[in-house]
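The values are calculated or read from the model by the stated rules, or taken from the named source; none is laboratory data. Source: prediction; values computed, not measured. Cβ atoms come from the backbone with ideal geometry, glycine included; neighbour counts cover every protein chain shown. Please note that ligands, DNA and RNA were not included when accessible areas were found on the heavy atoms of the full protein model with its side chains. Shrake-Rupley method; radii C 1.70, N 1.55, O 1.52, S 1.80 Å.
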Amino acid sequence: MDAINEVHVSEPGLVVVDVAAADDETAFAFHTALAARWATTSVERTTRDAGQPGVRLRCYLDLRQPMDAPAVL
């Protein structure tokens, strides 16, 4: 994955989440659970590392946003 850009963690409450999962469905399900609770960036695809099992996904969370929805995790 690319290096974390300094702006993504420039203030308290900003989080970079790197997900490693067995498949796309699992990675997107985890992102959906995060997005139900916090403001997140959208994700459209996962990446695969050559010769490595599974998929990877990166998203960005803003924990400073109000938590209106109940936890789904």
Of all residues in the stretch 17-54, which are more than 21 Å from Q65 (Cα to Cα), of a type in the set (S, T, N, Q) and out of contact with any helix residue (DSSP H, G or I) (no Cβ under 8 Å at 6 or more places or on another chain)?
T26, T47, Q52
Mind listing whichever residues of the stretch 41-68 are under 15 Å from E25 (Cα atoms), touching a residue at least 24 places away in the same chain (Cβ under 8 Å), in a loop (DSSP other than H, G, I, E, B) and open to solvent by 50 Å² or more (accessible area, probe 1.4 Å)?
P53
Report whether or not A3 is surrounded by 11 or more Cβ atoms within 10 Å (Cβ to Cβ) and modelled with pLDDT under 90.
no
Over 10 Å from the mean Cα position of the chain (by Cα), at pLDDT 90 or above and open to solvent by 60 Å² or more (accessible area, probe 1.4 Å), is that true of T32?
no
Return the residues of the stretch 8-40 that are among the polar types (S, T, N, Q) and assigned to a strand (DSSP E or B); say none if nothing qualifies.
T40
